[in-house]
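What follows is one structure encoded as structure tokens, with my remarks underneath.
The values are calculated or read from the model by the stated rules, or taken from the named source; none is laboratory data. Please read these numbers as outputs of a predicted model, since none were measured by experiment. Glycine also receives a Cβ, built like all others from the backbone with ideal geometry; neighbour counts cover every protein chain displayed. For the accessible areas, the whole protein counts, side chains as well, though only heavy atoms, and no ligand, DNA or RNA atoms are used. Shrake-Rupley method; radii C 1.70, N 1.55, O 1.52, S 1.80 Å.
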Amino acid sequence: MTASTTSPATRRSRLGNRPERLALLFVLPALALVVVFRVVPLVWGLGYSFTNYDGINPPSFIGIDNYLRLTQDPTFIDSLVNMLILIATLPIWIALPLVLAILIHQGVPGGKLFRAVYFFPAVLSSVIIGAIFNMILRYDGSLNAMLKAFGFSAIDWLGNSNTALFSLIAVQLWSTFGMGVLIFLAGLSTVPSDMLEAAKLDGAKLLQTWWYVVIPSLRPIIEFAAVVTTIGMLTSMFGLIYVLTAGGPGTATTLPEYLIWLEQGKLNSPGYASAISMVLFLLMGGLAAIQIRIMSRNANL
Amino acid sequence: MRKSIVNMLRAGTILAAALAGAAGLAHAEDTTLTVWDFKSGDPALADYFNAVKSDFESAHPGVTIQYVMQPHDQYYTLLGTALAAKQGPDVVMVHGGSQAKERTDALVKLDEAVAPIKNDVAGWAEFTGKDGGLYAVPLSIQGFVVYYNKDLYTKAGLDPENPPKSWAELSAAADALKKAGVTPFALGNKEGFGADFFLSSVAANGLTADQAAAWEKGELKWSSPEIKAIVQAWVDTAKNGWYPEGANSTAMFMDEYETFERGENANVVGLISDVAHWKEFGGFLGDDKVGAFIMPPLGTASGALKMPFAGGIGYGVTKFSPHQDLAIEFVTSVASAPHMQTFFETAGAIPSNTKVDTSKVASPSAKLVLGWLGDGPAIVAHNSLPSAVEEEWHRQSQLLLTGETTVDEAVAKLDAAQAQANKK
């Protein structure tokens with residue numbers, strides 16, 4: 001009855017005009033892929049997180065038991081603490097490529113070469129990077145050989161809880177900061193040259209120009225890089241952990257993503273692993289929401 | 001007209017029958033048994049795997065055996081995915097102990113099928129489910145012995161033909177080796193395997209039969225005096241300089257064993273299967289330079305020491321295999337005496353089949369190992385750990401080495417992990 005009273009004009013506005021309907025048609029395949037490969041597994045994962053699924057026998061519903069277990073699981077809590085330590089190093093992840101990008105932008109000799117060299121590790125697989133740094137950081141590796149040659153004591157970089165996580169962070173930073181340099185270089189190319197010129201005429205020194213002109217101009221880029229880097233930190237460390245430390249010593253380098261793999265594959269607990277995945281998903285979702293908010297705010301600037 | 005229709009129908013029936021026959025033939029020709037393992041790409045085992053494949057294919061025309069070697073360190077993740085999806089391999093290789101026992105629900109019960117070979121093959125206990133059924137055919141026997149470098153013993157003033165027989169003698173030998181500038185033991189504990197091997201080799205002759213049975217059932221606590229003493233010994237031996245620095249960042253396979261093969265340390269807890277064993281070490285150091293002894297228990301041993309050993313790796317059949325009968329035939333063929341003979345002679349692995357002729361082996365340490373097999377097994381303590389408890393032991397063992405936890409704290413956490421596992 002309602003439908004019959006809707007005017008043709010209203011129907012048209014609801015469905016859009018012909019080009020819009022066509023556009024929707026073209027988007028559908030991509031949308032279907034997202035639904036099939038992202039949304040459906042997510043819903044399955046959510047479902048499994050409320051079960052005792054062992055990957056073999058049919059799952060039984062156990063309510064929020066997996067989530068309650070998480071609150072008392074020292075390994076999971078340690079993995080969250082490690083994650084917070086990792087996130088706390090974010091300023092270094094931003095400042096290092098930013099400073100290098102500014103130096104390249106200002107035309108230091110060999111800037112183009114440095115740009116290529118900095119970016120090079122980004123094309124290497126994390127497993128290859130892990131294998132290389134295993135040779136460097138292991139107890140009888142080249143870094144300790146160098147330390148000993150200069151009269152220092154060797155350090156078990158990967159086998160000591162005080163150094164293992166920071167060693168991993170340093171390796172990950174080394175392998176990814178080149179991308180940050182490129183992002184900041186792109187951002188720097190948008191800084192109006194007349195502002196730099198004006199600062200120079202006003203007698204601003206180099207650091208003052210950076211602090212008062214360049215960095216404020218790059219604020220949207222820095223915010224974007226911060227959010228993207230944080231999400232990358234939480235989802236791309238697995239390869240290095242797997243190759244370099246296997247999550248140890250103890251739980252020193254266990255991050256939630258590694259724990260998910262461990263529980264799912266090695267400990268036959270896909271149900272519990274799903275609960276950890278959901279928590280990580282919510283954390284990532286929170287960060288993504290922040291990212292969207294920042295980007296939409298910047299779009300309004 | 002009617003006749004022609006009948007003829008046409010007849011011709012059609014013949015054609016359909018021919019096509020169906022051809023399809024059936026094609027189906028038979030296309031039958032492929034997919035076998036997942038983590039060994040078939042090993043050159044040392046190539047003769048064995050090739051012989052099993054070619055013999056089975058010859059006896060079953062139209063059947064192809066397709067070995068798919070998965071990376072060892074990712075094997076159970078991949079297998080878990082295949083089992084959850086209920087597709088992939090028809091036959092799977094599994095380690096004996098918890099890795100097999102925790103997957104029996106996905107495997108076919110083999111009791112009837114293996115009855116003809118049961119008495120010829122050893123190691124079944126490690127592939128027995130909670131219901132008492134057999135779920136995989138043992139391929140190898142896995143045991144833990146201490147291999148030692150006779151030259152380094154001589155260098156330290158020790159008698160290379162008279163290795164330690166008690167904990168006191170072992171401690172004295174370690175002191176002598178350190179004095180001579182030799183690290184007593186190789187150790188890699190990056191994945192926690194070093195701690196597993198230590199636990200099993202020390203516990204083997206240190207538990208009474210009742211304690212060993214209780215341990216296997218998960219009823220003997222880590223905080224019990226017997227087990228806690230072993231954990232304490234793990235710490236003490238590290239503090240006493242038995243191991244090289246950096247054990248927590250050294251992988252057991254193969255970094256730990258390579259240091260032994262290079263002659264950097266005097267002893268190593270090794271295996272008797274196809275890797276880290278007498279044949280491999282003899283290849284590097286010389287058969288006559290490699291000795292072997294059974295790790296003595298803490299305190300005083302009662303009676304002759306027994307080697308800890310049990311079923312090593314085995315083959316099971318997945319419940320979702322569309323070719324179950326064929327797959328069962330295959331897994332019963334892998335442990336036949338002629339195949340196992342090849343397994344032993346080419347790879348040096350101690351085979352599960354007791355009919356294999358091992359009399360021609362020349363290596364002195366292999367002769368010792370084969371002799372200890374005849375004495376019967378001692379418990380392999382880490383084999384009966386649920387995987388979650390074993391993982392916690394890996395973690396705690398590393399923290400004990402760095403001094404970040406105490407023995408009391410570690411055993412308390414392990415007790416908690418054991419209690420959690422017992423709830424399942």
Consider the stretch A:134-149. How many of its residues are at pLDDT 95 or above and surrounded by 15 or more Cβ atoms within 10 Å (Cβ to Cβ)?
4
Scan the stretch B:249-264 residue by residue and report those that are of a type outside the set (S, T, Y), within 14 Å of another protein chain (Cβ to nearest Cβ) and open to solvent by 20 Å² or more (accessible area, probe 1.4 Å).
B:F253, B:M254, B:D255, B:E258, B:R262, B:E264
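Residue by residue, here is whether (1) at positive phi; (2) modelled with pLDDT under 95; (3) in contact with a Ser or Thr (Cβ under 8 Å, 6 or more places away or on another chain) holds:
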position	(1), (2), (3)
B:I328	no, no, no
B:A337	no, yes, no
B:T346	no, yes, no
B:V380	no, no, yes
Would you mind stating whether A:W174 is modelled with pLDDT under 90, away from every other protein chain (no Cβ under 14 Å) and open to solvent by 60 Å² or more (accessible area, probe 1.4 Å)?
no
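Take the residues in the stretch B:397-412 that are crowded, with 18+ Cβ neighbours inside 10 Å and farther than 21 Å from B:P297 by Cβ; name whichever of them is nearest to the chain's Cα centre (by Cα).
By that ranking, first place goes to B:Q398.
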Given (1) away from chain A (no Cβ under 12 Å); (2) in contact (Cβ under 8 Å) with a residue 60 or more places away in the chain, index of the condition B:Q341 fails:
(2)
Filter the stretch B:211-255 for residues that are assigned to a loop (DSSP other than H, G, I, E, B) and of a type in the set (A, V, I, L, M, F, W, C); which is farthest from B:A421 (Cα to Cα)?
B:W242
Could you say whether any residue in the stretch B:57-80 is touching a Phe, Trp or Tyr at 6+ places or on another chain (Cβ under 6 Å), part of a helix (DSSP H, G or I), away from chain A (no Cβ under 14 Å) and under 30 Å from A:A273 (Cα atoms)?
no
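Quick grid of which residues meet (1) crowded, with 17+ Cβ neighbours inside 10 Å; (2) away from chain B (no Cβ under 14 Å):
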residue	(1), (2)
A:L168	yes, no
A:M195	no, yes
A:A198	no, yes
A:K205	no, yes
A:V243	yes, no
A:L255	yes, yes
Condition first: in contact with a strand residue (DSSP E or B) (Cβ under 7 Å, 6 or more places away or on another chain), farther than 27 Å from B:T354 by Cβ and open to solvent by 20 Å² or more (accessible area, probe 1.4 Å). Can you find one or more residues in the stretch B:91-104 that meet it?
no
Where B:N267 falls short, out of the listed (1) under 25 Å from B:P160 (Cβ atoms); (2) within 14 Å of chain A (Cβ to nearest Cβ); (3) not aromatic (F, W, Y)
(2)
Of the residues that make up the stretch B:370-380, is at least one in contact with a Phe, Trp or Tyr (Cβ under 9 Å, 6 or more places away or on another chain), surrounded by 24 or more Cβ atoms within 10 Å (Cβ to Cβ) and within 14 Å of B:A122 (Cβ to Cβ)?
yes
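For the stretch A:184-193, which positions are open to solvent by 50 Å² or more (accessible area, probe 1.4 Å) and either among the basic types (K, R) or modelled with pLDDT of 90 or more (or both)?
Listed by number, the list holds a single entry, A:A186.
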Single match in B:A349, B:A266 (criterion: assigned to a loop (DSSP other than H, G, I, E, B) and in contact with a strand residue (DSSP E or B) (Cβ under 9 Å, 6 or more places away or on another chain))
B:A349
Test: residue in the stretch B:340-360 that is within 17 Å of B:E126 (Cα to Cα), open to solvent by less than 30 Å² (accessible area, probe 1.4 Å) and in contact with a helix residue (DSSP H, G or I) (Cβ under 6 Å, 6 or more places away or on another chain)
yes
For B:G246, the lone unmet condition from (1) open to solvent by less than 20 Å² (accessible area, probe 1.4 Å); (2) in contact (Cβ under 8 Å) with a residue 12 or more places away in the chain; (3) touching a Lys or Arg at 6+ places or on another chain (Cβ under 8 Å) is (2)
Inside the stretch B:93-156, counting only helices (runs of 4 or more DSSP H) that do not spill past its ends, which hold 2 or more residues that are within 14 Å of chain A (Cβ to nearest Cβ)?
B:98-101
Looking at the stretch B:196-210 only, could you name the residues that are out of contact with any strand residue (DSSP E or B) (no Cβ under 7 Å at 6 or more places or on another chain) and either in a loop (DSSP other than H, G, I, E, B) or not aliphatic (A, V, I, L, M) (or both)?
B:D196, B:G206, B:L207, B:T208, B:D210
Is at least one residue of the stretch A:52-70 open to solvent by less than 20 Å² (accessible area, probe 1.4 Å), more than 22 Å from A:L287 (Cα to Cα), assigned to a loop (DSSP other than H, G, I, E, B) and not aliphatic (A, V, I, L, M)?
yes
Can you report the number of residues in the stretch B:83-108 which are under 15 Å from B:V68 (Cα atoms) and either among the charged types (D, E, K, R) or at pLDDT 95 or above (or both)?
6
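Can you pull out the residues in the stretch B:126-175 that are farther than 30 Å from B:E112 by Cβ and of a type in the set (G, A, S)?
B:A156, B:G157, B:S166, B:A168, B:S171, B:A172, B:A173, B:A174
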Residue among B:A310, B:A292, B:A301, B:A335 that alone is open to solvent by 30 Å² or more (accessible area, probe 1.4 Å) and not acidic (D, E):
B:A301
Which pairs turn up if I take residues in the stretch B:48-71 that are within 22 Å of B:P322 (Cβ to Cβ) and open to solvent by 40 Å² or more (accessible area, probe 1.4 Å) and look for partners that are part of a helix (DSSP H, G or I) and not aliphatic (A, V, I, L, M) with beta carbon separation below 8 Å, at least 6 apart in sequence or on another chain?
B:T64/B:E57; B:Y67/B:F49; B:Y67/B:K53
Report the residue count in the stretch B:166-223 for those that are in contact with a helix residue (DSSP H, G or I) (Cβ under 6 Å, 6 or more places away or on another chain), open to solvent by 10 Å² or more (accessible area, probe 1.4 Å) and of a type in the set (G, A, S).
3
Pick out the one residue from A:S49, A:S60 that is closer than 20 Å to B:A84 by Cα, away from chain B (no Cβ under 14 Å) and among the small types (G, A, S).
A:S49
